[in-house]
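See structure below.
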Amino acid sequence: MDFRSRANREAAIEAGSVVAPRADRRRRILTRLFGWGGEALPLASIALLAALVAALVLLADRQERETRRLDLVRDALWVGEALDFALSSQREAVQRLAEDTQRGGLAGEAFAARARTLSAAYAEFAALALVEAGGEISAGAQDRPDSVAQMGLGAEEFATARAASTVSRHAVITGVVRPAEGGPALAIVAPASAQGAAGAFVVAQVSLDKLLAQQAPWWVAERLALAIVDADDEPLARRARGEADPAIAPHKSAFGPIAPGLFLTVAAYARPSNVTQNALLGAIAAMAIVAAASLWARARHLARRRESERRLREETAFRRSMEDSLTIGMRARDLEGRIISVNAAFERMVGWSEADLVGRAPPMPYWREEDIARTRALHDKVLVGDMPDQGMEFRFRRRDGVEFDALVYEAPLIDAEGAHRGWIGSFLDITARRQAEALAREQSETLERTARLVTIGEMASLVAHELNQPLAAISSWNAGMLNLLAQGEADPDVLRGALERSAEAAQRAGRILRRVQDFVRRSEPRFEPLDLAALAAECVERARREHRDGEIALDVTADAPAQGDRILIEQVIVNLLRNAAEAAQAQGAARRIRVTVRRIDDEIELAVRDNGPGLPPDVAARLFTPFQTTKEKGMGLGLTICRSIVEVHGGRLTGANAPGGGAAFAFRLRLAEQGEAATTGAPTGQAA
Ligand code: ADP
């Protein structure tokens, strides 16, 4: 399931792959109904199934026993009839022998021969003999007993049998007799003479054991235990090869009129043990156990799964609220650049809903028509993995037409398997920041303008201050020349010198005015490589001419150009020199002013030191305060302006009393950048 878009997530929850609260409720109801997380129902079905199968097996077992019992009864009846039939045919055979004996007067060997033949035909006959009325045996098959008593017939029993057979004129079967040899037997007695009870009788001894052995077929004997019992269930003959099965009731049937008091019992053999059935029952039990165990395992697995689903749900909800709480717009794209997900902040930012955006390929609806080419180019750059670390700035158009600036950062979108699936971009609305910046810029420009106006005021004062000097010089040169002319001493050389000085002063005044003009026209100070030593030399030269008393020394050790505006710095040097000269004026010829230009690290320092009285304490405390002056005609602006100029250059102007007396002022300028040629201290039209 693809969880990347919110719509997909919700669909997943609906479909139940992430269990939604509704499914949760359903599960709780199920749990309440069936217990144990809904597993009780299948468990009960398994138990029921196992019970049913077991019942089926037991039923089949009972049915089988029933069938066996029916078979047993059928076989018992069959064997009973066979025995009945055998006995009656034996009785008939003995009857025929008796009749033949009577009719043919068979006796001795002749009887014995017939008796042997009959004995061979009836293996059940243990003995077959011709018995006289007294009980002694006159003839019979070989190994014949001597008397009827040996054949198990007592005198009384024999008499009863004789009487019965005589009356019925037919062979009779006696009750059970116990002969001297062999097991219990029956005796068949038939009259063999015309004398009736006083005559001879044919007596056959039928062994019950042999009867069973001969008459019960082997396939019955193989399956069933056979026995002949008396009325008291006393066994008389058995044919069995093992224990009877107590589970199947034995069948007992009477021999019928032919042998009253005799019964045939038939019992089924116990089966060794029903392996198949037991195995089947065992297998069913095992299967039921396995099914229950797997159900239990499944329940545990489900519980664990539910737990991890719950955690996933929590995590998803957490992430979603985090995503939605972001003020930064998030937008995920696939590798082709199609949008796959956006967050709420992004929707708010562009004014298009997730449904409008997901699946969209570039150009996006929030791109500005006029920027499409550029935006697409940047967009494609990201798709090949080329994105700037500092992000990219775009201007987009909201759905309502309002434009906004966004700073976009892109990062690869890596899925759970670590595969690169696309790109995720964060959109920071920087419109407010941009507006604030513009406002700040505007304000600073206003401020600058105001400052410039203030400076213009200062400049006006400076101009007055500065122009004062060249104008005074011009005026004094002119006055001097007029004097010479008036005195008629107009030496052209002297006049030329004076005129040159006057022209130079006029030019300086012009330069000052131009600079002021430039400044008012907002032209920036022109920072360029500046040979400070040459400029200092020029200013010193001029100062020497102006202030003839004393000495102005120049000490240069700097070897590289500084960076600065030539006109402005010249202004500073002139000012410092003038202040020094004026301060040390009282010294007369002993006035000493020393100007040093030296390099300190990557700066050039210019210092002006004098041997004047130094700075009065109240002045020293407020040195750069405007309109602070001790001079009658001073304006107290020179140092203030100088400091502004030096500060514009990024430097600092300092002034203090020097250790050996007098005052010392100094400022530093940065070295010019390499590769730029320094302007000389003497620009065009300037003569040193
Ligand atoms: P101004 O020259 O018009 O007075 P400045 O700003 O140039 O204005 O100087 C202010 C004051 O600082 C001067 O009036 C003076 O008292 C004092 N000052 C400046 N330079 C020196 C110096 N080299 N020695 C002693 N005092 C000085």
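Per 0.36 nm of contour for each residue apart, how much would the distance between ALA589 and ALA40 grow if the chain were fully extended, relative to their Cα-Cα spacing? Show your work: numbers first, answer last.
On the way: separation 549, 0.36 × 549 = 197.64 nm, distance 12.36 nm.
Answer, rounded to one decimal: 185.3 nm.
Would you mind getting me the FRET efficiency between ALA283 and TRP219? Use the beta-carbon distance for r and R0 = 30 Å, nearest 0.05.
Values: r = 33 Å, r/R0 = 1.11.
Step by step, r from the Cβ atoms, then E = 0.35.
Under 5 Å between amide H atoms, partner at least 5 residues away or on a different chain: which partners does ALA187 have, H built in plane at 1.01 Å?
Close amide H contacts, sequence-distant or interchain: THR174, VAL177, VAL206.
Just from its helices, what would the mean residue ellipticity at 222 nm be for the chain, if runs of 4 or more DSSP H residues each count -39500 (n - 2.57) and the sum is divided by every residue, rounded to the nearest 500 deg cm²/dmol? Mind showing how you got there, number by number?
Numbers: 17 runs with 339 residues, N = 688.
When only DSSP H runs of four or more count, the value is -17000 deg cm²/dmol.
How large is the accessible surface of GLU437 in square angstrom, using a 1.4 angstrom probe and rounding to the nearest 10?
Looks like 80 Å² after rounding.
Bins of 10 Å, beginning at zero and ending with the bin holding the largest distance: percent of Cα pairs per bin for region 132-194, please.
For region 132-194, the pair-distance distribution reads 23, 56, 20, 1.
Give me the percent of the accessible area of the chain that comes from carbon and sulfur atoms, probe 1.4 Å, all protein chains in place. Walk me through the numbers on the way to the answer.
Values: 20770 of 37230 Å².
The computed percentage sits at 56.
Sort TYR366, TYR122 by heavy-atom solvent-accessible area, probe 1.4 angstrom, most to least. Kindly include the intermediate steps, with their values, before the conclusion.
Values: TYR366 5, TYR122 50 Å².
Accessible-area ranking of TYR366, TYR122, largest first: TYR122, TYR366.
How far is it, in nm, from the label point at ARG496 to the one at GLU632 when both lie 7 Å from their Cα along the line to the Cβ?
3.9
Provide GLU570, GLU582, GLU489 ordered by accessible surface of protein heavy atoms (probe 1.4 Å), highest first. Mind dumping the intermediate values first?
On the way: GLU570 10, GLU582 75, GLU489 110 Å².
These residues rank, largest area first, as GLU489, GLU582, GLU570.
Which one of ILE173, LEU186, GLY134 is farthest out on the positive end of the charge dipole of region 132-191, using unit charges on Cβ (Lys, Arg +1; Asp, Glu -1) and the Cα centre as origin?
ILE173
Could you tell me the accessible area of GLU315 in Å² (1.4 Å probe, neighbours in place), rounded to the nearest ten?
90
What number comes out for accessible area per residue over region 592-650 if the probe is 1.4 Å? Units Å², please.
I get 55 Å² per residue for this part.
So, taking all protein chains as they sit and a 1.4 Å probe, how much accessible area belongs to SER475, in Å² rounded to tens?
My reading of the accessible area for SER475 is about 70 Å².
Once fully extended, how much extra length lies between ALA553 and ARG313, figured as 0.36 nm per residue of separation less the alpha-carbon to alpha-carbon distance?
Values: separation 240, 0.36 × 240 = 86.40 nm, distance 8.80 nm.
Here the answer is 77.6 nm.
Rounded to the nearest 0.05, what FRET efficiency do ILE372 and ARG26 have when you use their Cβ-Cβ distance and R0 = 56 Å? Could you put the intermediate results ahead of the total?
Details: r = 51 Å, r/R0 = 0.91.
Step by step, r from the Cβ atoms, then E = 0.65.
If you add up the charges near LEU357, with Lys and Arg at +1 and Asp and Glu at -1, over every other residue whose beta carbon is less than 9 angstrom from its beta carbon, what do you get? Mind dumping the intermediate values first?
On the way: positive: ARG331, ARG360; negative: GLU347, GLU354, ASP356.
Value of the local net charge: -1.
With a 1.4 Å probe and every protein chain left in place, work out the accessible area per residue of region 339-402 in Å², rounded to a whole number. Each step should come with its number before you reach the end.
Values: 3190 Å² over 64 residues.
Here the residues of region 339-402 average 50 Å² of exposed surface.
Give me the net charge for the shell around ARG591: Cβ to Cβ below 9 angstrom, other residues only, Lys and Arg +1, Asp and Glu -1. Numbers along the way, then the final one.
Numbers: positive: ARG592; negative: ASP549, GLU551, ASP610.
So the environment of ARG591 carries a net charge of -2.
Considering Cα pairs under 8 angstrom that are at least six residues apart, work out the relative contact order of the chain and quote it in whole percent.
Working: 1047 pairs, mean separation 50.3, N = 688.
That works out to 7 percent.
Set the Förster distance to 60 Å, then compute FRET efficiency between ASN468 and ASP405 from the Cβ-Cβ distance, nearest 0.05.
Numbers: r = 54 Å, r/R0 = 0.90.
Computed FRET efficiency for ASN468 and ASP405 comes out at 0.65.
Just to make sure I understand: if all protein chains stay in place, what is the order of ASP493, ASP356, ASP389, ASP245 by accessible area at 1.4 Å, largest first? Could you put the intermediate results ahead of the total?
On the way: ASP493 100, ASP356 55, ASP389 140, ASP245 20 Å².
Heavy-atom accessible area, descending, gives ASP389, ASP493, ASP356, ASP245.
How large is ³J(HN,Hα) for each residue in region 393-399, as worked out from phi by the Karplus curve 6.51 cos²θ - 1.76 cosθ + 1.60 (θ = phi - 60°), to whole Hz, x for Gly and Pro?
Ordered by residue, 3J(HN,Hα) equals 9, 10, 10, 10, 10, 5, 4 Hz.
The values are calculated or read from the model by the stated rules, or taken from the named source; none is laboratory data. Bear in mind that the values here come from a model prediction, so they are computed numbers and not experimental data. Note: ideal-geometry Cβ built from the backbone for every residue, glycine included; neighbour counts use all protein chains shown. To get the accessible areas, we keep the full protein, side chains included, count just its heavy atoms, and leave off ligands, DNA and RNA. Shrake-Rupley method; radii C 1.70, N 1.55, O 1.52, S 1.80 Å.
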